[in-house]
1. Hey, among GLY83, GLY63, which residue is small (Gly, Ala, Ser) and buried (at least 16 other Cβ atoms within 10 Å of the Cβ)?
2. Can you tell me which of THR371, THR367 is assigned by TED's automatic domain parsing to the domain that holds ARG155, modelled with pLDDT of 95 or more, farther than 24 Å from GLY209 by Cα and assigned to a helix (DSSP H, G or I)?
3. Residue pairs, Cβ under 9 Å, 6 or more apart or interchain, first in the range 324-338 and in contact (Cβ under 8 Å) with a residue 40 or more places away in the chain and of a type in the set (Gly, Ala, Ser), second surrounded by 23 or more Cβ atoms within 10 Å (Cβ to Cβ) and in a loop (DSSP other than H, G, I, E, B). List them.
4. Which residues, taken from the range 246-295, are among the small types (Gly, Ala, Ser), outside any helix (DSSP H, G or I) and touching a Pro at 6+ places or on another chain (Cβ under 9 Å)?
5. Could you tell me whether the range 246-257 includes any residue that is under 26 Å from GLY357 (Cβ atoms) and under 17 Å from the mean Cα position of the chain (by Cα)?
6. Look at the range 13-47 and say how many of its residues are in contact with a Ser or Thr (Cβ under 8 Å, 6 or more places away or on another chain), surrounded by 12 or more Cβ atoms within 10 Å (Cβ to Cβ) and modelled with pLDDT of 90 or more.
7. Which count do you get for residues in the range 296-330 that are farther than 15 Å from PHE246 by Cα and either in contact with a Ser or Thr (Cβ under 8 Å, 6 or more places away or on another chain) or assigned to a loop (DSSP other than H, G, I, E, B) (or both)?
8. Read through the list (1) among the small types (Gly, Ala, Ser); (2) part of a helix (DSSP H, G or I); (3) surrounded by fewer than 22 Cβ atoms within 10 Å (Cβ to Cβ), then give the number of the only condition that ALA346 fails.
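The values are calculated or read from the model by the stated rules, or taken from the named source; none is laboratory data. What you see is a predicted model, and the numbers here were worked out from it, not measured in a lab. Cβ: placed from backbone, ideal geometry, glycine included. Neighbour counts: every protein chain shown.
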Amino acid sequence: MTARRVLAALVALVLTAGFAPAAAAAPPPGGTGPFDDSFYTPPSPLPAGKPGDVLRWRPSNAGPRKASVDAWQVMYLSTNALGQPDAVTGTVLVPKTADRATAPIVAFAPGTHGPAFACTPSAMIGIGAFYEQPGLDDLLDAGYAVAVPDYEGYRTAPETTYVVGRSEGPAVIDAVRAAQRLGAAGLSASAKVVFRGYSQGGGAAAWAGELQPAYAPELNLVGIAAGGVPADLVQVTLQLDGKSGFGVFAYALLGLDQAYPELQLDSFLSDNGRAKLAEMRQSACTFELLTTYANQKIADYTTGPGYIKPAWVARLNENKLGGTPPRVPVFLYHATGDQLVQFAQADSLHKAYCAAGVPETWKTYDTDHITLVYTGNADVLAFVKDRIAGKPATASC
């Protein structure tokens with residue numbers, strides 16, 4: 001599938017979505033509710049509990065998989081980039097034919113969905129507009145339970161923490177814990193677990209892998225599949241200025257600022273930048289990021305390069321992958337013609353993992369970033385199946 005066709009597919013999904021999560025007309029059977037969009041608003045104050053504890057849940061329509069899976073939207077406790085408790089929403093899906101007592105669990109970290117509430121991955125899954133549906137289908141058809149985090153900040157007044165690994169990693173890990181603790185799902189606490197993601201999701205999956213030994217040592221993690229990984233945010237974002245992926249750059253600034261209040265993005269925004277980012281947060285999903293904001297320049301959004309000040313540099317360095325290599329087999333893959341997530345910085349992560357002795361499979365594809373969303377799925381599925389089957393990993397460093 002070409003990048004042009006993928007963008008056309010995204011347009012179709014946006015039109016299908018109608019730009020708003022669907023609120024149930026009446027409470028469906030089961031769940032603790034609420035059954036409207038207030039489901040996404042965390043309780044204040046947060047209740048006491050452990051990361052992964054389920055705060056609320058309700059059935060999900062599961063889009064095109066409604067007839068073949070049982071699915072639930074959940075809100076669960078997690079940990080934000082400052083190490084503080086937060087609440088994250090997501091979706092748990094279990095094939096109706098699965099043996100729940102033994103079913104493996106794959107955490108499917110979604111790629112870029114955009115800052116607007118209408119873009120929330122769980123809402124997209126529920127109405128059949130999840131653009132990574134083919135990869136999700138692969139896992140469900142293989143008989144695996146799947147936990148899909150929304151990441152931090154998707155609510156009616158969204159404050160998403162885009163590409164902030166210190167927030168996304170725990171959100172991925174705790175989605176698995178929530179799936180295991182959701183009584184309606186009936187999944188095992190000892191189930192084999194794999195983290196899987198591409199683009200933003202690839203970064204989130206890799207972060208989950210690096211954090212898991214200290215954060216969730218009880219998980220039976222057997223592998224990580226991470227593609228199109230934004231491992232070094234400085235290298236990824238700055239090269240997008242003035243190019244087709246500028247919207248991703250701008251969204252990354254917004255995500256970092258929403259994770260770390262001391263960064264004070266607003267202090268160096270121009271009036272135009274302030275208006276553009278407010279508009280982005282209100283209405284931009286993936287398609288808008290790649291079209292409406294394409295080829296713009298950061299100089300037109302700011303009064304100066306405040307994002308290179310020490311506070312920003314420190315937080316960017318905190319969110320650079322490679323410092324604590326995973327302890328399980330990793331499938332790392334990237335497009336050589338990637339126009340959104342620079343190839344060289346992903347290659348550096350691959351080399352760092354290899355040097356640390358990670359049993360890593362590294363594969364490159366002669367294509368672009370968007371096309372690899374889909375063309376990498378077969379290799380990802382093969383890797384996941386081998387790890388769940390217990391086959392020894394063969395490193396290709």
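1. Values: GLY83 fails: buried (at least 16 other Cβ atoms within 10 Å of the Cβ).
Being small (Gly, Ala, Ser) and buried (at least 16 other Cβ atoms within 10 Å of the Cβ) holds for just one of GLY83, GLY63, which is GLY63.
2. Working: THR367 fails: assigned to a helix (DSSP H, G or I).
That would be THR371, the only listed residue that is assigned by TED's automatic domain parsing to the domain that holds ARG155, modelled with pLDDT of 95 or more, farther than 24 Å from GLY209 by Cα and assigned to a helix (DSSP H, G or I).
3. ALA335/GLY228; ALA335/VAL341; ALA335/GLY376
4. Answer for the range 246-295, where residues must be among the small types (Gly, Ala, Ser), outside any helix (DSSP H, G or I) and touching a Pro at 6+ places or on another chain (Cβ under 9 Å): just ALA284.
5. Residues of the range 246-257 under 26 Å from GLY357 (Cβ atoms): none.
Checked against the condition, which is being under 26 Å from GLY357 (Cβ atoms) and under 17 Å from the mean Cα position of the chain (by Cα), the range 246-257 yields no hits at all.
6. Total meeting the criteria: 4.
7. Of the residues in that region, 17 qualify.
8. (3)
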